[in-house]
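Data block below; observations after.
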Amino acid sequence: MNIQIVSGFLGSGKTTFLNRYMTCLQGRVAVIENEFGPAGLDAQLLGEEVPVKEISAGCICCSMAMDFQQGIAEVEQKYHPDYLLIEPSGVGRLSDVVKACTDQGYSVDQLITMVDLSSYEDYAQAFGEFYLDQIRGANLLLPTCFQDLPGTKREEVLQKLHEQNPQALLYGEDWRMMDPEALLELVELSAAVQKNSLPHSSALPAHKTFSSLALEEIADLNEEELRQKLEQLNSLDCGQVLRAKGFVCNKDGGWMHFDFTPRNITITDYKQPTEKKIILIGRSLDKDVLMGLFAR
């Protein structure tokens, strides 16, 4: 069972993220949701098809820790999920939620924290270590509420987030605008970095602020042409591409699926008709250059 914790202070967008993210996952998904106080509406918002275990009237990192641990066991035994997504109370400490899991012998595979950029400085000053614990413990930081900040202020707050947790992957744009496949790729990339399982880990920048790009205007290519274009991603002046995958129509017949990292390219035949699409994740991606590469 893959356990992922989606944390964030009050109103940071955790449930919005879960609704989007769950559609990306392949397999059975269950959710444990915690509200500090009477049961909230999140279980209804998450949809009827996903089993949701609610733990209310307390925080699962402290007074309700035993209920939380029993809840994990109950969900595992009853639903046998491939993924268990845990949404702690916005006023809980991420490190304590992780401890509640590990104390029962469960490993946590992913730690995602949503951060309201417009409130970051106020919350950091008002709540200090209690608030910053969620940011410092994350593997992936997903900022929200960009619309209330001018560009220069946004970059300033993003830099402060990086300083609080330089090891985390920090998505520097509005994740709600991401293609679902790109969102899943970003989460998987951050998990791979956490486990040091990337074959190109040495190529990761020290300042891991990422962006993404989805391309649909793609020329028909044969396998050799596709490989040549993917190899150019390492040398072309298009930004730093760390992951890319997608489907391309093979002009020799059929379809191809590819997976790219800076040190490895895999291209396989894909039997079922699909749609052309390429997802790229990296830093300082140049949309025009990348579109030009694959559109011709």
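The values are calculated or read from the model by the stated rules, or taken from the named source; none is laboratory data. As the structure is a prediction and not an experimental result, all values here were calculated from the model. The accessibility values were calculated without ligands, DNA or RNA, using every heavy atom of the protein model including side chains. Shrake-Rupley method; radii C 1.70, N 1.55, O 1.52, S 1.80 Å.
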**Prompt:** How much of Thr102 can a 1.4 Å solvent probe reach, expressed as accessible area in Å² and rounded to 10?
**Reply:** 70
**Asked** Ile32: accessible area at probe 1.4 Å, nearest 10 Å²?
**Response** 0
**Item:** Accessible area of Lys14 in the full protein assembly, 1.4 Å probe (Å², nearest 10)
**Value:** 20
**Request:** For n ≥ 4 DSSP H runs only, could you compute -39500 (n - 2.57) per run for the chain, divide by its residues and tell me the 222 nm figure to the nearest 500?
**Result:** -10500 deg cm²/dmol
**Asked** Averaged per residue, what accessible surface does the chain expose to a 1.4 Å probe, in Å²?
**Response** 46
**Request:** Output the pairs from Lys99/Lys195; Lys160/Lys245; Lys195/Lys229; Lys245/Lys287 with a Cα-Cα distance over 23 Å in this structure; if there are none, say none.
**Result:** Lys160/Lys245; Lys195/Lys229
**Prompt:** So what's the convex hull volume per residue for the Cα atoms of the chain, in Å³?
**Reply:** 140
**Request:** Sort Trp175, Trp255 by accessible area with a 1.4 Å probe, largest first.
**Result:** Trp255, Trp175
**Asked** Of all accessible surface on the chain at a 1.4 Å probe, what whole percent is carbon and sulfur?
**Response** 47
**Asked** When the Karplus curve 6.51 cos²θ - 1.76 cosθ + 1.60 is applied with θ = phi - 60°, which whole-Hz ³J(HN,Hα) does each residue of the range 290-296 get, with x for Gly and Pro?
**Response** 5, 5, x, 5, 9, 8, 10
**Request:** Starting from the alpha-carbon convex hull of the range 108-199, give the projected area averaged over all orientations, in nm².
**Result:** 6.4
**Prompt:** How far, in nm, would the chain grow between Tyr79 and Tyr270 when pulled straight, counting 0.36 nm per residue and subtracting the alpha carbon separation?
**Reply:** 65.5 nm
**Message:** For a bin width of 10 Å, list the pair-distance distribution of the range 117-272 built from all Cα-Cα distances, rounded to whole %.
**Reply:** 9, 33, 31, 17, 8, 2, 0
